[in-house]
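Bear in mind that the values in this text are calculations on the coordinates, not laboratory data. Fair warning: this is a prediction, and the values are worked out from it, not measured in the lab. Cβ placement follows ideal geometry from the backbone for every residue including glycine, while neighbour counts extend to all protein chains displayed.
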Amino acid sequence: MDHLALSGAVARTTTQHTANYPPRPVIPSPITIFCPERTTIAPRTVKVKTTSDVFAAIPHLLGFVPHKSFVLIFIGNDPLRPNRSEMIARVSLDDVGQDPAALARHLTRSAMDHPIAAVIGLAVCPSSPEPGSALPYRTELLTLTHEIRQHGLRIDEVGHVPDFTEGATWQSYLAEDRTGRLPDPFATPVAATVVAEGLVTARSRDDLAAVFTPAGPALRARVAPLIFSALEQTRADRTQPDVARERLARAEGAITAATTGTLPAEDHEIADLIATFSVEPFRSAMFNDRSTKALHGVKALTTYLWRVAPEPCASNLAAIAGLHAYMLGGSTIARIAADAGTARLPLLSLLREVLDRQLSPRELKVVAILAGSEARAELDAFGPAEGPQGAEPNEAAAGPCEPIDRLSRN
């Protein structure tokens, strides 16, 4: 299950309870499609006028084309930005009939933190080949829709589309005579905005997850000795404030370069950065009060370094990438990052707990900034990392990278 918050700066409010509000045949007025997680500098918005246009925007909101999925778009009623997409959620159609009440609670939990006016849903899966057959998953989706309404959310439309292709016909579950045709999803104003930002909408979730594909064994074997050497040097650097600041500056420089698509190419630089992101308190110090652009840079850099890192360094990098993705509102890639981690580490456990509880990205950012500030203060005070971090890790328990960090303790 993937949940992608599309607006992280909306005040907590109470949603109006309109559970029996009748579905509308079309969206009430133009909807503003808003997706800060998919922008690199500043959020952009695009107005769409029809239900078909809203459905065609879904792949670009998620960052990938969903298959065999049920997708919900939550439309806000904030008076400062009315009728704007605030959240999008995706669940596998295999899950919609198992426990509708529990699934509805899970899907709407984050929505309760937003002023939501309405919900629009779309099931994506092949149609039945039999003429005149009922829409697929009709009973399950109508039951789930009923449960969602019990949480005070108005359902404006729930449709079905076989795929995201130009001219694909969608049909409503709420009124079977209500239909429409999708425009080409990759030739819409929303698609043009994504391209203008230099972003790519993956053809599937698996394609999106491909960023967590390990490098070839030859490269990993070549870099491994350099990483182990860099880890030893990084531990020594902890008690030398000037050297520690230089190490942090190198990492910050790499983050800045990553925001423009430039990633480290030299083996020694890759090893040095992996060590910095793996050893406390440097690892926690990399959590900072960053711009959206810089958060993207950290995510891109740590994902890239993950490809060659040994465990448990790789799991730490996956956790850092996932937490930064989540702070951007991107819990789809955060969930993929959590799945990429295999070591039992506090930071990875934190990421999974954040995902399971659907913590507000803004709340996570506050905790992360505090943890980073404490870590940088410790480095400036000459002190070695406290407790288990200050000593050499137990090789049998932790391997070459240290598992303890401030973020998971806060």
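Would you give the gap between the C-alpha center of region 101-171 and the C-alpha center of region 305-374, rounded to a whole Å? Cα centres, region 101-171 to region 305-374: 30 Å. Counted over all Cα-Cα pairs of region 209-409, pairs farther apart than 22 Å make up 41 percent. Given a Förster radius of 41 Å and the C-beta distance between Ala224 and Arg105 as r, what FRET efficiency does 1/(1 + (r/R0)^6) yield to the nearest 0.05? Between Ala224 and Arg105 the formula returns 0.35. When His296, His268, His106, His324 are arranged by Cβ crowding within 10 Å, least crowded first, meaning fewest neighbours, the order is His268, His106, His296, His324. Annotation: Cα Rg of region 117-209 relative to the compact-globule expectation 2.2 N^0.38 Å equals 1.25.
In this simple spin-label model, placing a label point 7 Å from the Cα along the Cα-to-Cβ direction at both Glu353 and Ser92 gives a separation of 2.6 nm. Residues Asp95, Asp207, Asp156 in ascending order of nearby Cβ atoms (within 10 Å, fewest first): Asp207, Asp95, Asp156.
Extension gain for Arg203 to Asp242 (0.36 nm times residue separation, less C-alpha to C-alpha distance): 9.4 nm. When Leu174, Leu350 are sorted by how many other C-beta atoms sit within 10 angstrom of their C-beta, beginning with the fewest, the order is Leu174, Leu350.
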